[in-house]
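Colleague: Please find one structure pasted underneath; my questions will follow.
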Amino acid sequence: MGLYTTALVNVLQTIKQYGNVNKSLCMIGRQEILIEWDSFMKTVNKMHLPYDREIYNDIKDIYPINTYRFFHMFGIKEVHALDYSSLDGADILFNLNHELPSELCEKYDYIINGGTLEHVFDVAKAMKNMSSMLRVGGVIIHILPLGGYVDHGFYSFSPTFFMDYYHLNGFRIHHLYMEFMLGDLDTLDNDYKYADFQAIYSQDCRSFIHADGDWGGKSINSYIKQIRGIDKVNHIYIWCIAERVNLKEGKYPIQSMYERIEDQK
């Protein structure tokens, strides 16, 4: 998957909040940086996001943009990309369906899962592996399909997937929301640049879950239907930004709504 302007700004704001000094970052699948520099830098300056001007001057006229140097530009010391093959330029070769090697455990301060998890068949193993890759205090950023991606991957994801998994596994969720994309994300010009896309963000998905009793599906579905009535809303992502707060071993949750039903018996 590629990271476009709105996604990158969210990622960089998270890095600004949690710090970039001597930090390490791993992309799950090497991300393409899909921006037009002039427009993107206007947003960077408006949001007061610090960056290295020397690196910027070195890479701003070269497409496709070097993903590793892009994150170096924003102060990350060590940048890696993990994938099962080297086809897209990953420097760490590992299949997330397999057992995580010890040298990757507790190695990173940031993990960006920008559209890889839906392509991994053993989602449970992949979530456990990514969790184990983070240090305590580290942050993982998921940007994954919720709607509009039929046959794109094996899965699409719901808010409860992240809430229930992270509640059980020593993480604190800081942000959980939906992003409705306005525009055709399949249009990419010959210079590997995206046009600027607008996005509509939901409120925190956790507020929907309890809106209609035990589940809240009525509220979420009604909200999605309303937004999808807007012209050119074709794709929906779910964003989850979570911090690892302890070293709990990865466990597989029971969906919380069924736990509540069981508790009421």
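Colleague: Can you find even one residue in region 172-180 that is modelled with pLDDT under 65, touching a His at 6+ places or on another chain (Cβ under 9 Å) and not hydrophobic (A, V, I, L, M, F, W, C)?
Modeller: Within region 172-180 (the criterion being modelled with pLDDT under 65, touching a His at 6+ places or on another chain (Cβ under 9 Å) and not hydrophobic (A, V, I, L, M, F, W, C)), the answer is no, since none of the residues qualifies.
Colleague: Which ones in region 73-105 are open to solvent by less than 50 Å² (accessible area, probe 1.4 Å) and not in a loop (DSSP other than H, G, I, E, B)?
Modeller: If the condition is that a residue be open to solvent by less than 50 Å² (accessible area, probe 1.4 Å) and not in a loop (DSSP other than H, G, I, E, B), then MET73, VAL79, HIS80, ALA81, LEU82, ASP83, ILE92, LEU104 are the ones that fit.
Colleague: Tell me whether region 117-130 contains one or more residues that are part of a strand (DSSP E or B) and closer than 20 Å to TYR68 by Cβ.
Modeller: No: region 117-130 contains no residue that is part of a strand (DSSP E or B) and closer than 20 Å to TYR68 by Cβ.
Colleague: Looking at region 117-152, which of the residues that are open to solvent by less than 30 Å² (accessible area, probe 1.4 Å) and of a type outside the set (A, V, I, L, M, F, W, C) is modelled with the lowest pLDDT?
Modeller: Filtering region 117-152 for residues that are open to solvent by less than 30 Å² (accessible area, probe 1.4 Å) and of a type outside the set (A, V, I, L, M, F, W, C), the one modelled with the lowest pLDDT comes out as GLY147.
Colleague: Within region 56-70, can one find any residue that is farther than 14 Å from MET27 by Cα, under 20 Å from the mean Cα position of the chain (by Cα) and among the aliphatic types (A, V, I, L, M)?
Modeller: For region 56-70, residues farther than 14 Å from MET27 by Cα, under 20 Å from the mean Cα position of the chain (by Cα) and among the aliphatic types (A, V, I, L, M): present.
Colleague: Just one of (1) at pLDDT below 85; (2) surrounded by 14 or more Cβ atoms within 10 Å (Cβ to Cβ); (3) of a type in the set (A, V, I, L, M) trips up ILE230, so point out which.
Modeller: (2)
Colleague: What are the pairs with Cβ atoms under 6 angstrom where one residue, in region 30-57, is on the phi < 0 side of the Ramachandran plot and the other, located anywhere, is among the basic types (Lys, Arg) and assigned to a loop (DSSP other than H, G, I, E, B)? Sequence gap at least six, or different chains.
Modeller: Cβ pairs passing all conditions: GLU36/LYS193; TRP37/LYS60.
Colleague: Can you tell me which residue among GLN13, GLN31 is open to solvent by 30 Å² or more (accessible area, probe 1.4 Å), out of contact with any Pro (no Cβ under 9 Å at 6 or more places or on another chain) and not aromatic (Phe, Trp, Tyr)?
Modeller: When all the criteria are applied, what remains is GLN13.
Colleague: Moving on. Go through the residues of region 43-54 one by one and say whether even a single one is crowded, with 18+ Cβ neighbours inside 10 Å, among the β-branched types (Val, Ile, Thr) and not in a helix (DSSP H, G or I).
Modeller: There is no residue in region 43-54 that is crowded, with 18+ Cβ neighbours inside 10 Å, among the β-branched types (Val, Ile, Thr) and not in a helix (DSSP H, G or I).
Colleague: Has region 93-101 got at least one residue that is farther than 22 Å from GLU249 by Cβ and free of Cβ contacts under 8 Å to residues at least 60 places away in the same chain?
Modeller: Yes, region 93-101 contains at least one residue that is farther than 22 Å from GLU249 by Cβ and free of Cβ contacts under 8 Å to residues at least 60 places away in the same chain.
Colleague: Here are ASN113, ASN169: which of them is more than 17 Å from GLN31 (Cβ to Cβ) and either surrounded by fewer than 23 Cβ atoms within 10 Å (Cβ to Cβ) or touching a His at 6+ places or on another chain (Cβ under 9 Å) (or both)?
Modeller: ASN169
The values are calculated or read from the model by the stated rules, or taken from the named source; none is laboratory data. These figures come from a predicted structure and were not determined experimentally. We place every Cβ from the backbone using ideal geometry, glycine too, and count neighbours over all the protein chains shown. All accessible areas refer to the heavy atoms of the entire protein, side chains included, with ligands and DNA or RNA removed. Shrake-Rupley method; radii C 1.70, N 1.55, O 1.52, S 1.80 Å.
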